[in-house]
Amino acid sequence: MFGFFFFLQYVLCRIIKDLHIQFEMTNDPHWVFYFPVPKTMVGIVPKKEAPGVDFCGVDKYYYIVRSDMNCYMRSTNFHQGQDLNVYSLHQSCKGGDHYLAHDDDLFYIIKGNNYRRVANMNTDSGAVVYSLHPNCQGGDHYLSAFGNFYIIFQGKGTYRRVKNMNSDEDAVEYKLHPNCKNGLYYWGTKGFYYYVKPHDEWGVQYYRCTNFNTNEDGEPFSFHSDVISFMPGGLAVTKGPAYGTWECIKTIANDSNSTIDWTKKITRKVGYASQKMKSVEKSWNVSMSYSYNAGDLMAAFVKQQFAFSTSFGGKRVDTESENWNEATEIEESVSIKVEAHQTVCVWQYKLGLGKEDVLFCRSMKFSNSTSPPTEIPLPPSK
């Protein structure tokens, strides 16, 4: 019997060690076990779920186009975060389904079954519109490299190489190498192909190769955090996932034997704590000719992060109607009845990223419980 007991104890200890279960002894002869909750790995929103977002490259420059934010970023090195400049997208260059740059220093904006070729996405200079050849339509990703255009069909696991997307000149189709199939975004330069891989234990990375069919010269690179922050869902990766919580800002206790009328002023903070996000925007050299005032660009990114689903580190709430001016303390007069021997808690809702409170909402709630309310006082995002 004792042998069986020791064997059972040994097996239990092995299970505890293998599963990393923590335990402690209580005053009674029982063990309290704590099973670790796995950390949620948030990732970048993929192109198929981020209309108007794309990557492209030409010569020494790499671009992230955020048509949803009316702007684009240009950099000379995504890995080191060098020369990060943000520009406005010209009105005629917004709303593209795909963006790519060719080695002729021209940008191609695909919308539906047509594409617009421009010399500059900020000014729309030299604009010409062409139709896509039927064989070049319906791609999941478009890029240019080695003097050719490439259309990736992820569902089929193939890509089409053409010299001209209007005429389908010199068209050839190839199979995608397994390592090149699941890219979130694709782009190219004169001598390389690039693609962004899903977030894994190594973080957000992009891969470079010289052949999508063989994955020749494949090499991974990590993105600089300031570049990640510019991507859809990137703030949850660099700052931490969004959270929403009720904070008790005032407790009113009535220890008497009769009901009292409590009337006083409550001081609370309302608005956007922009200083918490300054370090991110400060790394971007923002040259916005219109669309945003100083500081508003970062606020727009934060709003969007809150609106994303939890899969991408969001809270799925619409904060458009909240006060996005700089957070300030305000006083409000409050009049409530507090029953005898009762305590009233005054709660305020706030949103944040990671461990930083970022938006102090208008919503207040009164309750007789010291437990925070459970409802979310904001409409769901669309």
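The values are calculated or read from the model by the stated rules, or taken from the named source; none is laboratory data. The structure displayed is predicted, hence computed values, not measured ones. Here the Cβ is made from the backbone with ideal geometry for all residues, glycine too, and neighbour counts use every protein chain on show. Each accessible area value is taken on the protein alone, full model and side chains, heavy atoms only, with ligands, DNA and RNA left out. Shrake-Rupley method; radii C 1.70, N 1.55, O 1.52, S 1.80 Å.
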Checklist line | Unique match (being touching a residue at least 24 places away in the same chain (Cβ under 8 Å) and either closer than 21 Å to residue 147 by Cα or among the hydroxyl-bearing types (Ser, Thr, Tyr) (or both)) among 125, 92 | finding: 92
Next item on the list: Just need a number here: residues in the stretch 145-155 that are surrounded by fewer than 17 Cβ atoms within 10 Å (Cβ to Cβ) and out of contact with any Leu (no Cβ under 9 Å at 6 or more places or on another chain).
Entry: 3
Check: What is the one condition in (1) loosely packed, with under 14 Cβ neighbours inside 10 Å; (2) farther than 23 Å from residue 60 by Cα that residue 166 does not satisfy?
Finding: (1)
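Residue 259: touching an Asp or Glu at 6+ places or on another chain (Cβ under 7 Å) and in contact (Cβ under 8 Å) with a residue 60 or more places away in the chain, yes or no? Even if it seems obvious, please write down each step before you answer.
Values: touching an Asp or Glu at 6+ places or on another chain (Cβ under 7 Å): yes; in contact (Cβ under 8 Å) with a residue 60 or more places away in the chain: yes.
The answer is yes for residue 259.
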Check: What number goes with the only condition from (1) touching a Ser or Thr at 6+ places or on another chain (Cβ under 9 Å); (2) at pLDDT 95 or above that residue 125 does not pass?
Finding: (1)
Note to self: Being of a type in the set (A, V, I, L, M, F, W, C) and open to solvent by 50 Å² or more (accessible area, probe 1.4 Å) is true for just one of 246, 262, 187, 202. Which residue is that?
What the structure shows: 202
Note to self: Six or more apart or on different chains, Cβ atoms under 6 Å: show the pairs whose first residue is in the stretch 138-162 and farther than 21 Å from residue 111 by Cβ and whose second is β-branched (Val, Ile, Thr) and open to solvent by 10 Å² or more (accessible area, probe 1.4 Å).
What the structure shows: 161/172
Note to self: Take residues that are modelled with pLDDT of 95 or more, surrounded by 12 or more Cβ atoms within 10 Å (Cβ to Cβ) and touching a Gly at 6+ places or on another chain (Cβ under 9 Å) and tell me which of the strands (runs of 3 or more DSSP E) falling wholly in the stretch 278-382 contain 2 or more.
What the structure shows: 342-353, 356-367
